[in-house]
2 protein chains.
Amino acid sequence: MPEFAPLKNDTFIRALLRQPTDYTPLWLMRQAGRYLPEYKATRQRAGSFMGLATNPDYATEVTLQPLDRFALDAAILFSDILTVPDAMGLGLYFVEGEGPKFERPLRDEQAVMALRVPDLEKLEYVFEAVTQIRIELNGRVPLIGFSGSPWTLACYMVEGGGSGDFRSVKTMLYNRPDLMHHILQTNATAVAAYLNAQIDAGAQAVMIFDTWGGALADGIYQEFSLRYMQDVMRKLKREKNGVRIPAIVFTKGGGLWLNAIADIGADAVGLDWTVDLGKARTLVGDRVALQGNLDPVVLFANPDQIRAEVKKVLDSFGKPHSGSGHVFNLGHGISQFTPPESVAAMVDAVHEISRAMRL
Amino acid sequence: MPEFAPLKNDTFIRALLRQPTDYTPLWLMRQAGRYLPEYKATRQRAGSFMGLATNPDYATEVTLQPLDRFALDAAILFSDILTVPDAMGLGLYFVEGEGPKFERPLRDEQAVMALRVPDLEKLEYVFEAVTQIRIELNGRVPLIGFSGSPWTLACYMVEGGGSGDFRSVKTMLYNRPDLMHHILQTNATAVAAYLNAQIDAGAQAVMIFDTWGGALADGIYQEFSLRYMQDVMRKLKREKNGVRIPAIVFTKGGGLWLNAIADIGADAVGLDWTVDLGKARTLVGDRVALQGNLDPVVLFANPDQIRAEVKKVLDSFGKPHSGSGHVFNLGHGISQFTPPESVAAMVDAVHEISRAMRL
């Protein structure tokens, strides 16, 4: 393992740990992506999405691209949440315009009971990318590792791809909760091992994306999604070489469950734009930092409107002080159609306005 | 106007008005629909969806179909929320497998400023259907009239059809709030007139479907969706011949805003399955009745599981008493793939369990 350069900009880590910062740090979900022409160029050279994700050189290149354009306060590993079920042998493939699919979804008891935590060697390309990115970052900003949540992975694994109503996975959940718990427990073990290996490889913070937790009913969410994220939290390495590795959890559409989410042991909770940040801050108190929550569609507005909406988000959280932390982000991944100039306007607005709020 | 038969089963109306009932009444969003073979047969005879919706005989036939199969406690007019923008001249059409579209969406200032409240004569087929259904119901159960919310209609009117991210309509909202308010004010006036005409024609309760309110950011929802539903509430006839006409509002994904929604003057608030009914009941107190909130996917489980999930919803609301009302429903429209036997199991479970809870 190489020795990494010391961190020059630790604002993001400090905010996650609710320590004072000079300004509100920001990064964007899916910040390395199709809205950037340079990303599209690399993607074309790589030949396919998985060609890009499985090659550490390409993954490093696209991870760094948004940082060269914008003064973002964190990098996030370029990868896909479906690398884990792929390593479990489900056969990930992509159909142009249709999103990811699995050749062998978990449709019956036999398939479910055959599911195993994957050999992490199959995911070595991810850990290599983490180390290479960390080296090339050279301490500019921290590197975030990530995984899908046990439930969100299960959605794709049972449905065999994206879904509008989650009919297959929820039918299994209601009819055969035993099978669903078996998948989720396997996923939780795999996700924890996967994130720990990313931390070993150099990730300085980790995030769990529970993209589809918000599709679950109250009560069911707590039992089938939150519980397994809590299990991951318990199994996670939270320190490396004496340095805290903060963990962020994000359930899209999970605003109603914030109080419970804040109790699973994460350092920060991601929020989508339906949540009032000020109320959320009052509710969580000093338990966790908060991350979010601009509507990504605001980036289609003109620069004055973007600035006004950024200010609303910052004002809604209020003046940070010791013991509360805010990381600015979108409430969902950035749209592929976003004009890059809008991102520049947002980044400037977040830094300028949040600096002024601290004066 | 004919004189209608007196109501034999008023359980639904009583629950909306928070009066004591012998059991918890239920109906289903989209209860007249594609999951019923008899609906598909009528739809085929009608030739098209709009052929069905615009013909009062067909609309009456399909509205009554689910009541002949299941002991539902209310009928809901068979129609579509997009009849109103169609009457405004936007040119509604349907593409098989793609959902509704408009030939002339509101894409620029000129189109927006030309928008007018429609001549209600263009919607006469709806009011005729209401009266005919009411006659044929002959007092069995009450008839619900409905409309889309001003914001939800605006989504379709600006996007020109369904949307994943609401990019066009939200971009207009952020860049040209003046234009968006003009659309919403026009829609609110039209929706109120449309619902009042349904009440005149015989609707005994009305519901506003705010299907896309939950896509809005906190703060924006209150200004661009809730405010205009409140305006509709103010303009609505709430009594006819001395009988109260209850109004229900439903923002899908609006659980975080329940406190504000309960204050706009509706008799009841619809909730999706992400909301804890018990907490919701405590929050709204005696301001409104609540309607919901089973996940429609539960109807793909086996009868025992359906019964167990129905019981959870009823237990979550708790024992009704004078001053609080619960109408059982799904948290979203019933899926076209639902087995009708599942609906029968759910209806029996709701009636039996809720009767026993009152002993």
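A short reminder: the numbers here are calculations on the coordinates, not readings from a lab. Quantities reported herein were computed from a predicted structural model and do not represent experimental measurements. As a convention, Cβ positions derive from the backbone with ideal geometry for all residues, glycine included, and neighbour counts pool all protein chains shown.
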- request: Could you work out how far helix A:340-357 tilts from the main Cα principal axis of chain A, as a 0 to 90 degree angle to the nearest 10?
  value: 60 degrees
Nearest-ten-degree value, helix B:303-317 long axis tilted from longest Cα axis of chain B: 80 degrees
- line: Counting sequence-distant residues (5 or more places) and residues on other chains, those with an amide H built under 5 Å from that of A:LYS240 are A:ILE245
statement: Cross-link reach from A:LYS122 to lysines, straight Cα distance under 16 Å and at least 8 residues apart if same chain, gives none
query: Amide H to amide H under 5 Å from B:ASP218: which residues, 5+ apart in sequence or cross-chain, H placed 1.01 Å off N in plane?
result: A:THR274, A:VAL275
- prompt: Within 10 Å of each Cβ of B:214-223, how many other protein chain Cβ atoms are there on average?
  reply: 6
- prompt: Which of the aspartates and glutamates could a cross-linker span from B:LYS319 if the Cα-Cα distance has to be under 17 Å and same-chain partners fewer than 8 positions apart are dropped?
  reply: B:ASP22, B:ASP276, B:ASP286, B:GLU309, B:GLU352
- line: The helix A:124-137 Cα axis meets the longest alpha-carbon principal axis of chain A at an angle in degrees, between 0 and 90 and rounded to 10, of 10 degrees
- request: Ignore the peptide's own chain and count Cβ atoms of other chains within 10 Å of each Cβ in A:271-279; give me the average, rounded.
  value: 4
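If you average 1/r over all unlike Cα pairs in the stretch B:73-217 and invert the result, what Kirkwood radius do you get in angstrom? Before the final figure, lay out each step's value.
Working: mean 1/r = 0.0633 Å⁻¹.
Computed over the stretch B:73-217, the radius equals 15.8 Å.
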field: Percent breakdown of C-alpha pair distances by 5 Å bin, ordered from the shortest bin, for the stretch A:151-265
entry: 2, 11, 23, 23, 19, 13, 6, 3, 1, 0
task: Assign unit charges at the C-beta atoms only (+1 for Lys and Arg, -1 for Asp and Glu), then state the dipole size of the stretch A:268-359 relative to its Cα centre in Debye, rounded to the nearest 20.
output: 380 debye
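Quick one: divide the alpha-carbon radius of gyration of the stretch A:268-340 by 2.2 N^0.38 Å and tell me what you get.
Values: Rg = 12.6 Å, N = 73, 2.2 N^0.38 = 11.2 Å.
Normalised by 2.2 N^0.38 Å, the Cα Rg of the stretch A:268-340 equals 1.12.
For the pair B:GLU38 and A:SER163, what calculated FRET efficiency results from E = 1/(1 + (r/R0)^6), where r is the Cβ-Cβ distance and R0 = 22 Å, to the nearest 0.05?
Working: r = 28 Å, r/R0 = 1.29.
That gives a FRET efficiency of 0.20.
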- request: Would you mind telling me which residue in B:ALA15, B:ALA114, B:ALA262 has the biggest mean-square fluctuation in a Gaussian network model of chain B, where springs connect alpha carbons within a distance under 10 angstrom?
  value: B:ALA114
Distance in nm between pseudo-label sites at B:THR282 and B:VAL243 (7 Å out along the Cβ direction from Cα): 3.8 nm
statement: Under the Karplus relation with 6.51, -1.76 and 1.60 and θ = phi - 60°, whole-Hz ³J(HN,Hα) for the stretch A:59-70, x at Gly and Pro, equal 4, 5, 4, 6, 4, 7, 3, x, 6, 6, 8, 10
- line: Per residue convex hull volume, Cα only, chain B, in Å³ is 122 Å³
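In debye to the nearest 20, how big a dipole does the stretch A:27-105 give about its Cα centre with +1 on each Lys and Arg Cβ and -1 on each Asp and Glu Cβ?
So the dipole magnitude of the stretch A:27-105 works out to roughly 140 debye.
Net charge near B:LYS101, counting Lys/Arg +1 and Asp/Glu -1 over other residues with Cβ under 12 Å of its Cβ?
Numbers: positive: B:ARG104; negative: B:ASP86, B:GLU96, B:GLU98, B:GLU103, B:GLU159.
Result for the neighbourhood of B:LYS101: -4.
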message: Using a label point 7 Å beyond Cα on the Cα-Cβ vector, give me the inter-copy distances for A:GLU109 in nanometres, one decimal, shortest first.
response: 6.7
message: Tell me which of A:PHE49, A:CYS155, A:PHE166 sits at the most positive position along the dipole axis of the stretch A:31-166, charges placed on C-beta atoms (Lys, Arg +1; Asp, Glu -1).
response: A:PHE49
- request: May I ask you to report, in nm to one decimal and beginning with the shortest, the distances from A:GLU136 to the same position in the other copies, taking label points 7 Å along Cα-to-Cβ?
  value: 6.7
task: Taking the Cβ of B:LEU153 as the centre, find all other residues whose Cβ is under 13 Å away and add up their charges (Lys, Arg: +1; Asp, Glu: -1).
output: -4
Beta bridges per DSSP with both ends in chain B, % antiparallel, nearest 5: 25 percent
task: Return the single residue from A:ALA344, A:ALA247, A:ALA197 with maximal mean-square fluctuation; model: Gaussian network over chain A, springs between Cα atoms under 10 Å.
output: A:ALA344
- request: Compute the signed sum of charges (Lys and Arg +1, Asp and Glu -1) over the other residues within less than 15 Å, Cβ to Cβ, of B:VAL269.
  value: -1
query: Sequence-distant or interchain residues sharing an amide H contact under 5 Å with B:GLY270, placed H: which?
result: B:VAL249, B:PHE250, B:THR251, B:GLN291
query: Between B:ASP200 and B:GLU223, how many nm apart are label points set 7 Å from Cα along the C-beta direction?
result: 3.6 nm
message: Which residues among the stretch B:283-306 fall inside the zone where the amide N is under 14 Å from a point 7 Å beyond the Cα of B:ARG69, along Cα→Cβ?
response: B:299-300
- prompt: Taking only the alpha-carbon positions of the protein assembly as shown and ignoring solvent, what does the Debye formula give for the base-10 log of I(q)/I(0) at q = 0.05, 0.07 Å⁻¹?
  reply: -0.25, -0.50
Gaussian network model of chain A, Cα within-10 Å springs - most flexible of A:ASP73, A:ASP263, A:ASP231: A:ASP263
field: Over 28 Å (Cα to Cα) - which of A:LYS170/A:LYS252; A:LYS235/B:LYS252; B:LYS101/B:LYS240; A:LYS252/A:LYS279 fall in this group
entry: A:LYS235/B:LYS252; B:LYS101/B:LYS240
query: HN-Hα J couplings of the stretch A:270-276 from phi, Karplus 6.51/-1.76/1.60, θ = phi - 60°, integer Hz, Gly and Pro as x?
result: x, 10, 8, 6, 7, 9, 7
message: Whole-Hz ³J(HN,Hα) for each residue in the stretch A:2-15, computed from phi via Karplus 6.51 cos²θ - 1.76 cosθ + 1.60 with θ = phi - 60°, x for glycine and proline: what do you get?
response: x, 8, 8, 5, x, 6, 7, 10, 9, 4, 4, 5, 4, 5
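What fraction of the Cα pairs in the stretch A:1-135, stated in percent, has a spacing above 18 angstrom? All intermediate terms of the calculation are to be shown ahead of the outcome.
On the way: 5768 of 9045 pairs.
The share of Cα pairs beyond 18 Å in the stretch A:1-135 comes to 64 percent.
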Shielding by other protein chains, B:165-175, mean Cβ within 10 Å: 5
- prompt: Put a point 7 Å out from Cα along the line to Cβ at A:ASP22; what are the distances to that point in the other copies, in nm, shortest first?
  reply: 7.5
